[in-house]
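Everything below concerns the one structure shown next.
Throughout, read-outs are computed from the coordinates displayed, never taken from laboratory work. Treat the numbers as computed from the prediction; the structure is a model and nothing was measured. Here the Cβ is made from the backbone with ideal geometry for all residues, glycine too, and neighbour counts use every protein chain on show.
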Amino acid sequence: MAGVSTLGQSLRQIESLNLQNTLFSELSMQLATGKKTQSYSGLNTDALTSVRSRTALSSISVYINNITRSDTTLSLTVSSLSEFQEQSRNFSGTLLGLVQQGSHQMGDDVFYDDPATTEIEAIIMGNTSSKVDADLQAATDHAENLFSLLGDLINSKEGDRYLFAGADLSERPFTDTGTLDASINTLITSWKNGTITTDELIADIKDGTALNGNPDAITDTAIGFSSSLSNGTAGDVFIRADENSELKYTTLANDDSLRNMMVALAVMKNENLLPVVDVYESGTYPATPDVKGAPGATAKDQQESFYQLYTAMSQMVSQSIDDVDQLLFKLENTRVQTNETKKSLTDQQMLLQNTVSSVEDIDVNEVAVKLTTLQTQLEASYRVTAITQNLSLVKFL
């Protein structure tokens with residue numbers, strides 16, 4: 001035990017050792033973590049800068065993640081729309097490739113000569129067969145196959161979220177319930193029976209809502225769209241890109257560009273649409289048609305009625321293709337905006353990270369030098385302390 005004369009010196013040495021050990025622990029922690037301190041209080045006046053920077057970094061990370069997730073959704077939506085448009089173009093080519101002349105039926109013409117006149121008119125009244133040629137059959141077959149494919153495209157999903165359902169992401173936007181075919185079949189039957197004109201039939205097909213005063217309009221419900229889409233409550237979808245902006249990227253399955261294409265396909269594939277002209281299997285006229293064609297007194301009139309409807313459907317398809325371009329433009333514009341916002345946020349993120357680093361991080365080389373120097377000092381202090389502790393009056397005498 002130290003003598004009375006060395007007590008003060010011993011206490012000073014102990015205090016010095018404690019301070020050096022504390023500093024040694026602090027430097028070791030800094031070297032291990034790369035940080036100046038493990039608590040904000042250790043940053044002193046820089047603590048507020050650190051807190052504010054980290055809070056801003058947290059918010060920016062949320063916005064960047066929002067944009068990243070939404071970009072995946074936008075990419076899938078654009079891909080589905082592009083495929084929808086491409087397939088529609090193929091169908092448009094099929095429709096335009098059909099020569100709008102004649103009945104395109106495989107049988108023979110059925111003629112009529114009015115016995116009340118002395119002249120031989122030889123008016124064509126119909127055909128002996130309801131079987132159509134390869135060109136017209138190709139158009140109806142293409143419509144049949146494409147209807148299912150395009151229906152699948154507007155039901156595209158990202159995980160368990162439907163892309164074209166608006167904010168009602170869990171509800172399937174389109175279901176082929178058969179109601180659309182039934183509605184069109186009823187309209188075509190009325191058309192062939194002369195109950196409605198060709199112009200009225202086209203108006204019924206193109207009119208999307210009975211609220212316009214047309215009780216025979218093909219509504220969204222009849223087509224098979226979900227209840228939220230049909231009644232307009234699906235809602236919009238937004239990207240929260242930053243603190244001050246929300247970007248809308250809603251694309252609904254019942255948008256006119258998509259809706260009209262599905263209706264045109266349903267008309268062209270309807271089993272009641274063909275044949276073009278009345279069928280008299282016996283080849284004689286007058287008689288009751290075995291199968292009714294388009295409305296008209298003669299085969300020429302019936303062809304004109306049919307091709308008027310056919311042309312209207314071709315125009316619907318072409319307009320749908322053009323309108324999809326508008327949807328794609330809006331989505332791509334949103335992608336450009338979000339990417340620009342993401343770049344700006346990334347730049348801000350780097351600046352904030354640099355600020356945090358300058359406040360919180362240590363210079364590893366500097367700390368290593370301090371640690372080495374302190375270790376040397378500690379070793380010297382321990383040696384001095386050991387020598388001091390061995391001094392006593394007995395040894396001195």
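For residue 71 and residue 145, a Förster radius of 25 Å and the Cβ-Cβ distance give a FRET efficiency of 0.15, rounded to the nearest 0.05. Phi angles of the stretch 292-306 translate, via the Karplus equation with coefficients 6.51, -1.76, 1.60 and θ = phi - 60°, into HN-Hα couplings of 7, x, 5, x, x, 6, 10, 4, 5, 4, 5, 5, 4, 5, 5 Hz per residue; Gly and Pro are given as x. From the square roots a ≥ b ≥ c of the eigenvalues of the alpha-carbon gyration tensor of the stretch 87-323, which class results: rounded (a/c under 1.5), prolate (a/b over b/c), or oblate? In terms of gyration-tensor shape, prolate. Which FRET efficiency value, to the nearest 0.05, do you get for residue 108 and residue 179 by plugging their Cβ-Cβ distance into 1/(1 + (r/R0)^6) with R0 = 35 Å? With a Förster radius of 35 Å, E is 0.35. Of interest is the spacing of the C-alpha centroids, which for the stretch 73-147 and the stretch 308-346 amounts to 29 Å. Residue order for 267, 78, 277, fewest other beta carbons within 10 angstrom first, comes to 78, 267, 277.
Give, rounded to the nearest 20 debye, the magnitude of the charge dipole that the stretch 87-323 has about its Cα centre when Lys and Arg contribute +1 at Cβ and Asp and Glu contribute -1 at Cβ.
Here the size comes out at about 440 debye.
By the beta-carbon count within 10 Å of each Cβ, the least crowded to most crowded order of 147, 225, fewest first, is 147, 225.
Measuring nothing but how far apart in sequence close Cα pairs (under 8 Å, 6+ apart) lie, relative to its length, the stretch 87-323 scores a relative contact order of 27 percent.
In a fully extended conformation the segment linking residue 330 and residue 123 would gain 69.1 nm over its present Cα-Cα distance, using 0.36 nm per residue.
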